[in-house]
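The structure appears right after this line, and notes come after that.
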Amino acid sequence: DAGVTQSPTHLIKTRGQQVTLRCSPKSGHDTVSWYQQALGQGPQFIFQYYEEEERQRGNFPDRFSGHQFPNYSSELNVNALLLGDSALYLCASTLGGPYEKLFFGSGTQLSVL
Amino acid sequence: EDQVTQSPEALRLQEGESSSLNCSYTVSGLRGLFWYRQDPGKGPEFLFTLYSAGEEKEKERLKATLTKKESFLHITAPKPEDSATYLCAVLQGAQKLVFGQGTRLTINP
């Protein structure tokens, strides 16, 4: 049973560029959440997608946007990259009903130079 | 706003030396408190969920407990493979987790 998979594992971009990160949820899961984890900090909630709609959003600017596809996979897009966007981006999946534990992927390490 | 604070930030123990990690939280109505383990370069791995004060859960050398203001993760006779960052989080709303900054645990052989 494949867990949550994310691609790419590492990415280097320069300021002002745009980036797209991808996530495939655990088999049978229909809800995808994205978190940003800065070095030495706990993950911070970006947003959550369910039934192809953004269901909940954290305190992140509009430069951060996402999408969920009919097969439940998801993308995170970040425009106009800043140095402060350098972080580990984690995708987590669960079922959309009453809260269940999140299953996390190994993340995408984004470095903005 | 919901807040989660973990202490200490880092902890070094000798193999077999038991200790506890603390997670203090401020929430308007706790709906769930979660403990995760995170190894370097990996995503967090689920350990426990606690829902009400007085609840306890155990897994191998780990035991999590919950009061109305804090949770403890007790580690009994730890081994080097228990070295990791331990994250505490509370559930906010239906699906959002608010994490603490984590405790980096190192077990020396």
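The figures follow:
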read-out	value
Members of segment A:62-101 found to be of a type in the set (S, T, N, Q), within 23 Å of B:Gly41 (Cα to Cα), buried (at least 21 other Cβ atoms within 10 Å of the Cβ) and modelled with pLDDT of 95 or more, listed by number	A:Ser74
Candidates A:Phe103, A:Phe47, filtered to the one that is in contact (Cβ under 8 Å) with a residue 24 or more places away in the chain and not β-branched (Val, Ile, Thr)	A:Phe103
Which listed residue is of a type in the set (D, E, K, R) and either under 19 Å from A:Phe104 (Cβ atoms) or within 14 Å of chain B (Cβ to nearest Cβ) (or both), from A:Arg63, A:Arg22	A:Arg22
Hits in segment B:30-56 - residues which are within 14 Å of chain A (Cβ to nearest Cβ), exposed (fewer than 15 other Cβ atoms within 10 Å of the Cβ) and either among the polar types (S, T, N, Q) or over 24 Å from B:Arg12 (Cα atoms) (or both)	B:Arg31, B:Tyr51
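Matching residues to (1) among the aromatic types (Phe, Trp, Tyr); (2) more than 14 Å from chain A (Cβ to nearest Cβ); (3) outside any loop (DSSP other than H, G, I, E, B); (4) within 17 Å of B:Leu11 (Cα to Cα):
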site: B:Thr65; (1), (2), (3), (4): no, yes, yes, no
site: B:Phe72; (1), (2), (3), (4): yes, yes, yes, yes
site: B:Pro78; (1), (2), (3), (4): no, yes, no, yes
site: B:Leu87; (1), (2), (3), (4): no, no, yes, yes
site: B:Gln101; (1), (2), (3), (4): no, no, no, yes
site: B:Ile107; (1), (2), (3), (4): no, yes, yes, yes
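The values are calculated or read from the model by the stated rules, or taken from the named source; none is laboratory data. In this text the structure is predicted, and so the values were computed from the model without any measurement. Note: ideal-geometry Cβ built from the backbone for every residue, glycine included; neighbour counts use all protein chains shown.
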